[in-house]
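Here's the structure we're looking at; comments come further down.
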DNA sequence: GTGGTCTAGACCACC
DNA sequence: GTGGTCTAGACCACG
């Protein structure tokens, strides 16, 4: 199970923060298919939030097809993760690219600077994934 | 005045959608300093939105220093626009970069492909800005 | 808005009973696309259940694409209802047909009797739909 | 003894899935009166289910009068099977008929098509029952 | 122990 | 007024 943190003063609701961390954990391979998640009660104690709040995050993730629950046994990352449309996926990437350029433009950065920033972010990401692997 | 679109079923509140489109319009140069904005009533009719909602967007924008109202004359883009905190700006860029990489990772793209996509998005953006200028 | 009833001692959870009545209402044309539903608070008073229970039903229906909410305005039947796969739809029909035959077999009915029962059920259904239309 | 399948992520509890398959097996004649059932342990290994879960299913079936255990000998299908209330049986048939019509309506089928589907399902059912008999 | 459901309240943001 | 979120409890069924 991955380490999670929540920030109660973030404008993103708590249950969404949890959803985001879990989906990103899955996307980045930190949560394997079939892996068991903490029970919502246990996680609620660890993060000091109400159990229902965690449950809501789990419920939405289940509706989206990322995780699945088995009564009395627990909650697990799905073996077959939901596949977005290829077109959908690329749309999201393009949307994120546009967002990046907009923010960069607002900050007055040149294109080469944006690419550098992107490279750096890439390094940070692969580093943290490497760390994960070492642990294993 | 720029053309705006609102989506009532978007998660982002309507008044925020309006704020975003105006600030981005300013940042991208589609709204010039000193330019007059539509009145509450006019805009509320055009967008089919309650006038109070428009007013809230304008009020917040005025509090942030992007626009100013002159009694009896209307609402105008400020001559001296507020500068965001430099650190804040860069944080937003980094956040957007991370988001782009994550989406790209989900779509299974390699880094070089991401950069290509980014270049393409850049071209589209500058193209549409050029068109805007022609109109003027 | 359709009339709903809930039976607290039914083994089907309350929020599911509500979901079922709404989806059936949509399927049978008693709830039109775009129609506004009662607010979850109002409905919770009418049915004498906790507001969150109604909200849960609405939330699940929204995740399934049957209804959509607009903050501050209310909850509405979607204009474009979710289309199941054709194959999926027919599978459900076949499954229901098998279930009917099984129950009929347990009750010792002959095939012709089953068809008669089906015809009768069909009449009841169209009758109640006709009544709805008269109201309008 | 009939072949059973359980699906841990089905909404229906595992012990109920077992009960359903046994009662249907009896109703359809695949399990004869007096026939011996597998022991808890054997069945729990075959289905990869906790022995207590099987025991619960057997206990409930015994309470309902479908099966009986003879100490030291095993568990057997009762010679005199319980008869459901006649009204109850017919109610179930009507309920299944309504369900079939609803699903058919959603799939846009006409009544004659429903009857055809029903006939086909009937053929499949009798075919599979014939096969069962051949095996014996 | 696990998840599933439900209650009765609360506060907030939005329209 | 509306929906959105959260809490702190409770009881049940399941494995």
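Bear in mind these aren't lab numbers, they're just calculated from the coordinates by the rules spelled out. Quick caveat: nothing in here was measured; it's all calculated off a predicted structure. Cβ sites come from the backbone with ideal geometry, for glycine too, and all protein chains shown count toward neighbours.
Quick look at the values:
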| read-out | value |
| --- | --- |
| Average other protein chain Cβ within 10 Å of Cβ, residues D:109-122 | 5 |
| Helix B:111-135 vs. chain B, principal-axis angle (Cα, 0 to 90°, nearest 10) | 30 |
| Euclidean distance of C-alpha centroids, the stretch D:21-48 and the stretch B:1-42, integer Å | 68 |
| Ranked list, fewest to most other Cβ atoms within 10 Å of each Cβ, for B:112, C:9 | C:9, B:112 |
| Among D:63, D:97, D:27: highest mean-square fluctuation, GNM of chain D, C-alpha pairs under 10 Å | D:97 |
| 7 Å along Cα→Cβ, label-point gaps from residue A:11 to other copies, nm, shortest first | 1.3, 3.8, 4.8 |
| Sites residue B:111 and residue D:63 - FRET efficiency at Förster radius 60 Å, r taken between beta-carbons, to 0.05 | 0.40 |
| Exam field: residue D:128 pseudo-label spacings to other copies (7 Å along Cα-Cβ), nanometres | 3.0, 5.0, 5.5 |
| Residue D:124 versus residue C:84: modelled label distance in nm, points set 7 Å from Cα along the beta carbon direction | 1.4 |
| Spin-label zone in the stretch A:80-100 - amide nitrogen under 20 Å from a point set 7 Å from the Cα of residue B:3 along the C-beta vector | none |
| For residue A:95, inter-copy label distances in nm, listed shortest first [label point 7 Å out on the Cα-Cβ vector] | 1.7, 3.1, 4.3 |
| Shape category assigned to chain B from the gyration tensor of Cα positions, a/c cut at 1.5 | prolate |
| Distance (nanometres) between label positions extended 7 Å along Cα→Cβ at residue A:36 and residue D:41 | 2.5 |
| When the convex hull of its Cα atoms is projected in every direction, mean area for the protein assembly as shown (nm²) | 34.8 |
| Folded to 0 to 90 degrees: helix C:51-63 orientation relative to chain C principal axis, Cα | 70 |
| The stretch A:78-110-the stretch C:57-136 distance, computed between alpha-carbon centres (Å) | 39 |
| R0 of 41 Å, Cβ-Cβ distance residue C:50-residue D:24: FRET efficiency to nearest 0.05 | 0.65 |
| Axis proximity, chain C to B: residue whose C-beta lies nearest, plus whole-Å distance | C:52, 4 |
| Between 0 and 90°, nearest 10: helix C:86-106 axis offset from chain C longest Cα axis | 50 |
